[in-house]
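What follows draws every value from the coordinates through simple rules; no lab data is involved. Since the model is a prediction, treat every value here as computed from it, not as a measurement. Note that we place each Cβ from the backbone using ideal geometry, even for glycine, and neighbour counts take in every protein chain shown.
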Amino acid sequence: MRANMRRFVPMERYHVVFEHEVLFRDLDAMGHVNNVAFVAFMEDARVEYWRALRKDHGLKGINFILAEVTCKYVSPAHFGETLLIGIRARNLGNKSFHFEYRMEELTSARLVSEGKSVQVMYDYKKQKTMPLDDRMRDAVASLEKLKLSDLSAAEQIPDTDQ
């Protein structure tokens, strides 16, 4: 999906990257992208990651839920700009894993925002958390072009079914 391959090194470390044109609905009263829009862009990134991971364009089978999200706003984005949004998985734990996000303005490569989120594997039928299985681990390692040991979590989220 990369339209412009002249990326700087940080974006090169993201294997799922897509473009998003800033729309009028993304703006706040000050004329720049509203803070909540960035969280929505991260949600779009998670869907793109799922598509790349499973080679599936449907939403059925997504078996994780969002537990936490943070966003660091670095520079404003404006109407008509195109953002290049990268997402990568890190810190695969027993039941959870992290995503890291990077958003740049396409033309200038200006860093706009960075973010992180924690996802927990979830069985919707049983309504409880579940372990991160080997199939998922292997698929993430393959997509990220990393060894599983490079993706293991330094900090584990407690294994609770809350």
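Mind checking which of 113, 124, 136 is farthest towards the positive end of the chain's charge dipole, using Cβ charges of +1 (Lys, Arg) and -1 (Asp, Glu) about the Cα centre?
The residue sitting farthest along the positive end of the dipole is 136.
For q = 0.17, 0.19 Å⁻¹, what log10 I(q)/I(0) does segment 50-142 give under the Debye formula with an equal point scatterer on each alpha carbon and no solvent?
-0.83, -0.96
Given the rule -39500 (n - 2.57) for each run of at least 4 DSSP H residues, summed and divided by the residues of the chain, what is its mean residue ellipticity at 222 nm, to the nearest 500 deg cm²/dmol?
Computed ellipticity for the chain at 222 nm equals -7000 deg cm²/dmol.
Using Cα atoms only, what is the angle between the long axis of helix 35-54 and the major principal axis of the chain, expressed in degrees (0 to 90) to the nearest 10?
In the chain, helix 35-54 runs at an angle near 50 degrees to the longest axis.
Let me know the charge dipole size of the chain about its Cα centre in debye, to the nearest 20, where only the beta-carbon of Lys, Arg (+1) and Asp, Glu (-1) is charged.
Using Cβ point charges on Lys, Arg, Asp and Glu, the chain gives about 440 debye.
Near residue 125, which aspartates and glutamates are there with a Cα under 16 Å away, not counting those fewer than 8 places off in the same chain?
161
What does the charge count around residue 32 come to, taking other residues whose C-beta lies under 10 Å from its C-beta (Lys +1, Arg +1, Asp -1, Glu -1)?
Net of charged neighbours comes to -3.
Once you list every other residue whose beta carbon is under 12 Å from the beta carbon of residue 87, what net charge do they have if Lys and Arg are +1 and Asp and Glu are -1? Walk me through the intermediate numbers first.
Values: positive: 13, 46, 51, 88, 90, 102, 116; negative: 43, 44, 48, 100, 114, 144.
So the environment of residue 87 carries a net charge of +1.
Compute the FRET efficiency between residue 54 and residue 23 as 1/(1 + (r/R0)^6), taking r as their Cβ-Cβ distance and R0 = 22 Å, and round to the nearest 0.05.
0.20
Picking from 49, 30, 17, whose Cα lies most toward the positive end of the charge dipole for segment 9-77 (charges on Cβ: Lys, Arg +1; Asp, Glu -1)?
49
Could you rank the peptides 106-119, 81-94 by their average count of other C-beta atoms within 10 Å per residue, with the highest value first?
By packing density, highest mean first, the sequence is 81-94, 106-119.
Using a Förster radius of 41 Å, what is the FRET efficiency between residue 134 and residue 111 based on their Cβ-Cβ separation? Nearest 0.05, please.
Calculated transfer efficiency: 0.70.
On a straight-distance basis, which lysines could pair with residue 128 in a cross-link, Cα separation under 25 angstrom, same-chain partners fewer than 8 positions away excluded?
Those lysines meeting the cut-off are 60, 95, 116.
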